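Here is the structure we will look at, set down as structure tokens.
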Amino acid sequence: MSKKKPAKKGFWEKAKESAAQQQAVAKRDKAEKKKPLDKASESKPVESKPSAPVEKTPEEKKRNYKDGIIKTIVPAFIGTAAGFFCFFQLGSGTEIPWLSVMLFVIIFSYYAQRLGYPAIGIDVKEFGNKDWFYVEFITIDFWLVVWTLLLNPL
């Protein structure tokens with residue numbers, strides 16, 4: 001005698017099981033929230049997060065605005081200079097892979113900004129990954145646009 005294997009579950013059966021599991025978890029979470037607090041947990045102080053963001057002073061707002069403008073202008077100049085450099089030194093750039101040129105521009109601009117910002121009064125320790133990505137993106141954009149415009153004849 002042969003044993004029959006149970007039939008595989010279809011899409012709808014799996015979806016119904018998943019929905020039932022999610023509903024069970026939601027009910028359990030709701031029940032846990034409604035449980036009264038025991039005496040041990042009442043003695044612990046509850047830390048609350050501040051609901052409103054901290055207001056900045058007008059001086060801080062002005063400084064942040066000025067720093068934001070500088071963080072946009074400096075990479076624009078670096079990218080423009082890199083575009084002119086690539087045009088005059090590499091020409092059309094067919095001898096060297098453009099990805100290696102872009103990597104060189106990224107590395108050079110990163111270190112130029114890392115050393116240049118403290119000289120103009122911007123703290124690079126406050127930069128996060130998002131800020132570095134932003135300034136490098138601006139640099140690469142200006143480099144590509146300037147080099148492309150210079151390569152196209154009038």
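Annotations
- This ranking places 16, 71 by how few other beta-carbon atoms lie within 10 Å of each, fewest first, which gives 16, 71.
- Net length available on complete extension from residue 67 to residue 11 is 14.7 nm, with 0.36 nm assigned per residue and the Cα-Cα distance removed.
- Per-peptide average of other Cβ atoms within 10 Å, ordering 95-105, 56-66 highest first: 95-105, 56-66
- Relative contact order (%) - criterion: Cα under 8 Å, at least six apart; region: the stretch 60-151: 55
- Cβ crowding within 10 Å ranks 84, 127 as 84, 127, fewest other Cβ atoms first.
- Calculated FRET efficiency, residue 120 to residue 100, Cβ-Cβ distance, R0 = 25 Å: about 0.25 to the nearest 0.05.
- The dipole here belongs to the stretch 41-154: it is taken about the Cα centre, uses +1 on the Cβ of Lys and Arg and -1 on the Cβ of Asp and Glu, and is about 180 debye.
Only the coordinates and a few stated rules stand behind these numbers; no lab work does. Keep in mind that what you see is a predicted model, and the values were worked out from it rather than measured. Because the Cβ atoms are built from the backbone with ideal geometry, glycine has one as well, and the counts that use them run over all protein chains shown.
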